[in-house]
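Report on one structure; see the data block that follows.
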Amino acid sequence: MNRSSIGCIVLIAALLSPLPAPAQQVLVLEGGTLIDGTGRNPTSDAVVVIEGSRIKAAGAKGQVSYPKDAKVIRTDGKSILPGLIDGHIHLKDYMAPMFLRYGVTTFADTNNHTEWSLAQREALKTGKIKGPRLFVSGVAAGGPPAEGRATTVSGKQEPFSPYTRPGSDKLPVFAVNLQTVDEARTYVRSLLAQHVDMIKVDLGLSQDQLRAIIEEAGKGGVPVVGHSQNIQKAAGVGLKYMEHTDTLARSILEQMGGPEKVKEGGATPERLMDTKLFDPAIQYLVKQGVYLNPTLFSRWRTSTPRGQEATNAAKEIVKDPGLAFVPDEVR
């Protein structure tokens, strides 16, 4: 092989070799008080080094180095902490930018029109909408609605007869009417095919339907979250992520007096609970590895002295000029 041939081969190899990734801009937050979320004491005059989408280093000034050409943002007098997570919302089209303004960088839309919520997730991911990272469930899997307590939803491209029912907070809860175990499995598979992040379940499911949904979701590698008639019975078939405290309350009331006691509890069964039954319930749920998202503010704000404090705070927040994009009827 002559020298010219070797030279051509070297040139071609160089042209075909992948180019090195361009250096990412290094961003530095310097001077603020760092609260890192680990339980350690806050760090004064902190330095946080960010490269691309990753935090590369964090600590006190003088203990953390960064490149001379880094972009430095002074944060004196401010607090730096990990982004907050809101694990239970029902997203509206104006909401996403609100969350970033108050430090929420991840949120979960746990029950919404499937196609719409998937489009919202994509728009946030690609930057078409400014807002936090979004996880979605699509429409909740529900069993047959109680007689006279549901309204059929029309005009939306959802399978399995979607309907709304009144929730315990008087707001409508959206779900699909799954009559059988096979329908429950089919519905979960349809959601998995659309790449949802989780499956949401509602009250009307039978234990067999709930078990089937958990099995199918497990095959797809996604968690199941949501409502149940009885938190302990739901945990027994594998539900690990429970929403609200009423599901806990109904399990306690059932032990106290069966279905009639549960019926007496109505939309706010928590008020009737016998606290002596708490410890065994807690021990069982811990053993089953259950996580409870109590949504305390939503369910309890009108029942505590701090409810008025929250109302007053909301009146001040709506004056924020940075929220001028929020519809007047909402503010």
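Each reported figure results from applying straightforward, stated rules to the coordinates on display, with no laboratory input. What you see is a predicted model, and the numbers here were worked out from it, not measured in a lab. Note that each Cβ is placed from the backbone with ideal geometry, even for glycine, and that neighbours are counted across all protein chains shown.
Structural remarks
- Sites E215 and D86 - FRET efficiency at Förster radius 22 Å, r taken between beta-carbons, to 0.05: 0.15
- Note on the chain: dipole from Cβ charges, positive end direction compared against G204, I55, G257; the farthest Cα belongs to I55.
- Structure-derived Rg and Dmax of the Cα atoms in Å: which label, when the choices are [x] 25.5, 95; [y] 22.8, 81; [z] 19.8, 66: [x]
- For the range 84-315, a crude dipole built from +1 on the beta carbon of Lys and Arg and -1 on the beta carbon of Asp and Glu, taken about the Cα centre, is about 600 debye to the nearest 20.
- R0 of 22 Å, Cβ-Cβ distance K61-Q24: FRET efficiency to nearest 0.05: 0.45
- Put in order of Cβ neighbour count within 10 Å, fewest first, the listed residues Y163, Y66, Y102 become Y102, Y66, Y163.
- Across the chain, the mean sequence separation of Cα contacts (distance under 8 Å, 6 or more residues apart), normalised by length, yields a relative contact order of 10 percent.
- A314 sits among other residues whose Cβ lies under 14 Å from its own Cβ, and their net charge, with Lys and Arg +1 and Asp and Glu -1, is +2.
- Of the peptides 121-132, 194-205, 218-229, the ranking by mean beta-carbon count within 10 Å, highest at the top, reads 194-205, 218-229, 121-132.
- For I213, net neighbour charge (Lys/Arg +1, Asp/Glu -1) across residues whose Cβ lies under 14 Å away: 0
- Cα-based helix-to-principal-axis angle, 246-265 vs the chain, degrees rounded to 10: 10
- Model label points for T186 and M256, set 7 angstrom from Cα along the Cα-to-Cβ axis, are 4.1 nm apart.
- Sorting 136-143, 279-286 by their mean Cβ neighbour count within 10 Å, with the most densely packed peptide first, gives 136-143, 279-286.
- Neighbourhood net charge (14 Å Cβ-Cβ; Lys/Arg +1, Asp/Glu -1) for D197: +2
- For the chain, the longest principal axis of the alpha carbon atoms and the long axis of helix 306-317 meet at an angle near 40°.
- Peptides ranked, highest mean first, by Cβ atoms within 10 Å: ranges 233-240, 263-270: 233-240, 263-270
- Take the Cβ atoms of L272 and D45, set R0 to 45 Å, and the FRET efficiency comes out at 0.30.
- Beta bridges per DSSP with both ends in the range 84-315, % antiparallel, nearest 5: 25
- Distance from the range 87-103 to the range 284-331 (C-alpha centre basis), Å: 12
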